[in-house]
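Here the structure comes first, spelled out in structure tokens, and everything after it is commentary.
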Amino acid sequence: MSAPAFTVAEPVMGTVASLTVKGSRTSAVDDAIASAFARLRDDERVFSTYRADSDVSRLRNEGLELGEVDPRVAEVAARCRDLRLASAGRFDAHWQGWFDPTGYVKGWSTDAATAAFDALLAAGMIEAVGLNVGGDMRLRTAPGSDHSWRVGIAHPERTGALLATVEIAEGAVATSGTAERGAHLVDPRTGERRAGPVSATVIADDLATADAWATVAAVAGVDNLEWMTGVPVASGIVWEHGRVRRFGGGVELTPFRAALAG
């Protein structure tokens with residue numbers, strides 16, 4: 001018999017985080033849930049660019065050095081520097097002249113939050129856990145379980161329609177694009193906004209990686225997949241103006257083609 005599942009949701013990071021657990025709801029599970037949401041809220045306290053008292057805002061406004069703020073900031077800053085090099089500048093947390101890790105830190109924090117379930121998964125006390133923060137998901141399954149998560153990738157222009165579906169036992173899915181937030185994507189190399197419509201979804205082992213490279217893919221657009229060679233992503237799909245390209249393992253999986261009509 002399949003284990004039961006339940007979902008708990010809380011507002012955090014300017015969006016809603018929903019946590020789905022496949023397993024019985026015990027006190028140990030409730031403790032892990034509380035720890036996961038506490039980690040998200042504490043990372044928001046440190047990294048929010050909207051809070052004047054956050055460590056990231058104090059770096060910008062008070063001229064502090066990395067050694068004077070929470071050590072998590074230095075960790076994230078180092079990873080963002082690596083991403084800037086790996087993406088040839090398509091991802092740059094300093095493109096505005098100050099440190100803004102928004103395109104990375106939500107995924108990184110979500111990964112850290114799901115670590116609260118490590119012991120429960122290892123012991124088989126729960127079968128699976130998935131944490132969705134603003135539509136980006138970190139999905140985990142206990143060793144030996146045949147459970148897999150089925151994830152629908154929403155079509156950027158057709159309400160209620162799916163562009164694709166994927167099944168994942170362990171990993172992460174992130175989407176970046178203009179469908180929800182409009183022309184917010186900026187190419188750090190030029191400062192120009194991507195007018196869209198464009199959408200990119202990336203599947204990777206962890207959400208920090210998936211989230212950052214989904215942003216890179218959306219900035220690069222459907223005509224340019226040169227960025228994907230050698231990057232640590234499993235697969236993905238880029239959609240722009242009705243055109244679709246899919247990739248996996250560093251190569252294109254399907255030829256350049258038009259999206260399905262209808």
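Please state which one of 90, 138 is at pLDDT 95 or above, under 20 Å from residue 215 (Cα atoms) and basic (Lys, Arg).
138
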Exactly one condition in (1) open to solvent by 60 Å² or more (accessible area, probe 1.4 Å); (2) aromatic (Phe, Trp, Tyr); (3) part of a helix (DSSP H, G or I) is false for residue 104; which is it?
(1)
Would you check which residues across region 1-46 are part of a helix (DSSP H, G or I), open to solvent by 10 Å² or more (accessible area, probe 1.4 Å) and under 30 Å from residue 61 (Cβ atoms) and list them?
38, 39, 41, 42, 44, 45
Exclusive hit being of a type outside the set (Val, Ile, Thr), free of Cβ contacts under 8 Å to residues at least 24 places away in the same chain and open to solvent by 30 Å² or more (accessible area, probe 1.4 Å), set 74, 86:
74
Could you run through region 156-186 and say how many residues are assigned to a loop (DSSP other than H, G, I, E, B), touching a residue at least 24 places away in the same chain (Cβ under 8 Å) and out of contact with any Gly (no Cβ under 7 Å at 6 or more places or on another chain)?
6
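Determine, yes or no, whether residue 231 is modelled with pLDDT under 90 and either within 23 Å of residue 137 (Cα to Cα) or of a type in the set (Asp, Glu) (or both).
The answer is yes for residue 231.
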Of all residues making up region 89-101, the number that are basic (Lys, Arg) and either open to solvent by 20 Å² or more (accessible area, probe 1.4 Å) or within 24 Å of residue 40 (Cβ to Cβ) (or both):
0
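The values are calculated or read from the model by the stated rules, or taken from the named source; none is laboratory data. Since the structure is predicted, the reported quantities are computational estimates derived from the model, not experimental observations. Virtual Cβ from ideal backbone geometry, glycine too; neighbours counted across all protein chains shown. Heads up: the accessible areas ignore ligands, DNA and RNA and are worked out on the full protein's heavy atoms, side chains in. Shrake-Rupley method; radii C 1.70, N 1.55, O 1.52, S 1.80 Å.
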